[in-house]
Amino acid sequence: MSYLLHIDATSFDVESISRRVARSFLDGWTGEVVHRDLAAAPIPHLTAAGISARLNDPARYTPAETEAAALQDELVEEFLGASGFLFTVPLYNYGMPSSFKAWLDQTVIFGRTYSMPEGPPPAAGRPALVISSRGGSYGPGAPHEGRDHLIPNLRESMERELGLDLKFVTVEFGLAPVVPVLAQFQGLHDESLAQAHAQARQHGENFTLRQSAAMT
């Protein structure tokens, strides 16, 4: 285990808020990075063949099950080989992008990445950072407070099930620069963005320190 697995789920290009903040994290990380860009190369959504392949004898797989199992094996091995994780996951319609949900569904597998009969999940305790931009504000007192369904979902699937040491960096009012009705919140966006860059850079440095300590 020596690399950082960076799963990038934003649909926008290199100038997206999530991607820019992720670069600040990477400024503080000095190790190897395996980057999977779900916008450039989407992961197929979980199919019936993908589910049945987890239950059936590989010797009796159909061609569709063989193909689905190969993809899951690739993603699981990539996940388990990482010593840390960086996820750039913006808030879309109060939840996660479907591209990231597809990656989760293909990777979170009973008996392989979670709910292990012999002990904790194999990636338990490994550091993970989620960078999430959102168009408005979902913090305490905001009109949309309680409507962010991304963070609670990820805490269930990635913290509770996979056992990751999960942290979040969020950027609010991401639409303030481009949507006139939100222009009044430009200052709050700028402040949130600056804090996110600083926090992400610090997390990158902390991940590097943890990696170094684990190798000594």
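The values are calculated or read from the model by the stated rules, or taken from the named source; none is laboratory data. Owing to the predicted nature of the structure, the values given are computational and were not obtained by experimental measurement. Backbone-built Cβ (ideal geometry, glycine too); neighbour counts: all protein chains shown. Protein only, heavy atoms only, side chains kept; ligands, DNA and RNA dropped before computing areas. Shrake-Rupley method; radii C 1.70, N 1.55, O 1.52, S 1.80 Å.
Considering the conditions (1) free of Cβ contacts under 8 Å to residues at least 12 places away in the same chain; (2) assigned to a helix (DSSP H, G or I), Ala41 is excluded by exactly one of them, (2). Considering region 68-125, the residues that are aromatic (Phe, Trp, Tyr) and more than 14 Å from Thr10 (Cβ to Cβ) include one that is surrounded by the most Cβ atoms within 10 Å (Cβ to Cβ), namely Phe79. If you go through region 30-67 and keep only what is closer than 23 Å to Pro97 by Cβ and among the β-branched types (Val, Ile, Thr), you end up with Val33, Val34, Ile43, Thr47, Ile51.
Has region 149-156 got at least one residue that is open to solvent by 40 Å² or more (accessible area, probe 1.4 Å), within 22 Å of the chain's Cα centre (by Cα) and among the polar types (S, T, N, Q)? The answer is yes, given that some residue of region 149-156 is open to solvent by 40 Å² or more (accessible area, probe 1.4 Å), within 22 Å of the chain's Cα centre (by Cα) and among the polar types (S, T, N, Q). Determine if region 47-59 includes at least one residue that is under 27 Å from Ser212 (Cβ atoms) and hydrophobic (A, V, I, L, M, F, W, C). For region 47-59, residues under 27 Å from Ser212 (Cβ atoms) and hydrophobic (A, V, I, L, M, F, W, C): absent. With respect to being modelled with pLDDT under 95 and either in contact with a Gly (Cβ under 9 Å, 6 or more places away or on another chain) or closer than 28 Å to Gly95 by Cβ (or both), Ser11 fits the description. Looking across region 164-195, the residues that are open to solvent by less than 40 Å² (accessible area, probe 1.4 Å), in contact with a Lys or Arg (Cβ under 9 Å, 6 or more places away or on another chain) and touching a residue at least 40 places away in the same chain (Cβ under 8 Å) come down to Leu164, Val171, Gly174, Leu193. Among residues of region 108-122 that are hydrophobic (A, V, I, L, M, F, W, C), those with a Cβ under 9 angstrom from a residue that is open to solvent by 80 Å² or more (accessible area, probe 1.4 Å) and assigned to a loop (DSSP other than H, G, I, E, B), sequence gap 6+ or separate chain, pair up as Ile109/Arg54; Phe110/Arg54. Residues of region 1-19 that are under 18 Å from Pro127 (Cβ atoms) and either open to solvent by less than 60 Å² (accessible area, probe 1.4 Å) or in a helix (DSSP H, G or I) (or both): Ser2, Tyr3, Leu4, Leu5, His6, Ile7, Asp8.
Mind checking which residues of region 1-13 are more than 19 Å from Leu164 (Cβ to Cβ) and out of contact with any Lys or Arg (no Cβ under 8 Å at 6 or more places or on another chain)?
Ser11, the sole residue that qualifies.
Among the residues of region 151-206, those identified as part of a helix (DSSP H, G or I), of a type in the set (D, E, K, R) and touching a helix residue (DSSP H, G or I) at 6+ places or on another chain (Cβ under 9 Å) are Arg201, Glu205.
Test Gly139 against the criterion of being in contact (Cβ under 8 Å) with a residue 24 or more places away in the chain, open to solvent by less than 50 Å² (accessible area, probe 1.4 Å) and in a loop (DSSP other than H, G, I, E, B), and give yes or no.
Criteria met by Gly139.
When each of Ala22, Ala64, Ala59 is tested for being open to solvent by 50 Å² or more (accessible area, probe 1.4 Å), over 21 Å from Thr107 (Cα atoms) and part of a helix (DSSP H, G or I), the lone residue that passes is Ala59.
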